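The values are calculated or read from the model by the stated rules, or taken from the named source; none is laboratory data. None of these values were measured; they are calculated from a predicted model. Note: ideal-geometry Cβ built from the backbone for every residue, glycine included; neighbour counts use all protein chains shown. Each accessible area value is taken on the protein alone, full model and side chains, heavy atoms only, with ligands, DNA and RNA left out. Shrake-Rupley method; radii C 1.70, N 1.55, O 1.52, S 1.80 Å.
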Amino acid sequence: MQSAVIASSARVSNRYRWTVCALLFFATVINYMDRQILGLLAPILQKDIGWTQVEYGRIVISFSAFYAIGQLCFGRIVDWLGTRVSYAVAMVMWSAAAMLHAAAGTVAGFAFMRALLGLGEGGNFPAAIKATTEWFPRRERALATGIFNSGANIGAVFAPAIIPPLALALGWRAAFVIIGAIGIVWMLFWLTIYRPADAATQAAYEDAEPVHADTGTGSPGWGVLIRKRQTWAFLLGKFLTDPVWWFYLFWLPKWLNEARGMDLQHIGLPLVCIYALTTIGSIGGGWISSTLLRNGWNVNRARKTAMLICACCVLPIAFVSQVDNLWAAVVIIGLAAAAHQGWSANLYTIVSDLFPQRAVASVIGIGGMAGAFGSVLFSEVIGQVLQRTGHYWVLFVIGALGYLLALSIMHLLVSDMKPASLEA
């Protein structure tokens, strides 16, 4: 009788968990649209508010710094309150912050709203990875992560298509309110649809694969987690590779303009092509390790093989500055950005391989904070390099080598992918 209940629960959860994945995907789309709206409307806002380049830089930094803090704090909150409530809180916080940009009229006001937005948006990935861990067996987690993480790329494509026309038609204040309100609609669907996985579903997953030998209860503190080499493996993986993704997001338009002579009227198509490729990479990277696991590979070999493939696909970007043909350069950059998203899908997933559910969101938050601060530091490096040399090739070389360096360090720290022991 018990086995029949477990089997029935597994069939139901098989359908339901992809609904959960769809909710996570749309939340990530909203996350990226809300964070990109300021950059897209910056030319209009600079005329209305009158900020300088330095002041605009400080507004951007306020988001980045508080996004790092938000990931750290929400990681702990998600493990404490649970996925359903904490994800709703995060969404309400960042959606309210996005809408409140409409009330800002000074540099300080925008900096405050960006800080609040960063705090709220920091809850997205800890909650999404936690939900994936709850609802997906290990062999499907990287694929599910790749699918919902592709929402970042879709958001990057939709934002330029939707936000500028909206601002031109209704004004920039209305654009902030309308885009921010989408998150409130999502939150209502989330609270209506989402439920934690029940014991029978968890039992079905446990029958299918080994689980962490962890008998503890409650979310472990940061002090416990930071002493684990498994935490450092994820932390350093994020610290060394997240800055490359932020480089793609914030500096590619500038590179296309300065190095390729493209104006705002023609820059859109290359960027759309690059982000379209990243969607394929995000899902494909997760598919690789999930397929290897289904074919009998162990977790250690499957995850690291997928990450090695992604790291090698990034390497050609070291030579992109020497490529004369624009579309050849777009393909190389698109391949590297796609490889990053495939890498990211597996990097996020190894947290659930190395830690029990009660610690997953906290570890994701620690690593996310490291990645965000690494991105802030790399932004300073980018500025110094460009100001002193005017050349991008050094930055592309750094981006090309970062993944192999990160994978080597991670392999040294978790050569056998042995799960962390959180027992007292």
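Structure values in brief
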read-out	value
Hits in region 160-206 (condition: at pLDDT below 80 and closer than 24 Å to ALA128 by Cα)	ALA197, ASP198, ALA199, ALA200, THR201, GLN202, ALA203, ALA204, TYR205, GLU206
Selected residue [in contact with a Gly (Cβ under 9 Å, 6 or more places away or on another chain), open to solvent by 30 Å² or more (accessible area, probe 1.4 Å) and either more than 19 Å from LEU422 (Cβ to Cβ) or not in a helix (DSSP H, G or I) (or both)] from LEU335, LEU347	LEU335
Filter pass, VAL330 being out of contact with any Leu (no Cβ under 8 Å at 6 or more places or on another chain) and in contact (Cβ under 8 Å) with a residue 24 or more places away in the chain	yes
Residue in region 381-391 that is under 19 Å from the mean Cα position of the chain (by Cα) and either crowded, with 20+ Cβ neighbours inside 10 Å or of a type outside the set (Phe, Trp, Tyr) (or both) present	no
Search result, residues across region 279-314 that are open to solvent by 60 Å² or more (accessible area, probe 1.4 Å), over 19 Å from the mean Cα position of the chain (by Cα) and at negative phi	ARG294, ASN295, TRP297, ASN298, ARG301, LEU308, ILE309, CYS312
Residues of region 13-53 satisfying the condition of being of a type outside the set (A, V, I, L, M, F, W, C) and outside any helix (DSSP H, G or I)	GLY50, THR52
Test: residue in region 251-264 that is open to solvent by less than 20 Å² (accessible area, probe 1.4 Å) and small (Gly, Ala, Ser)	no
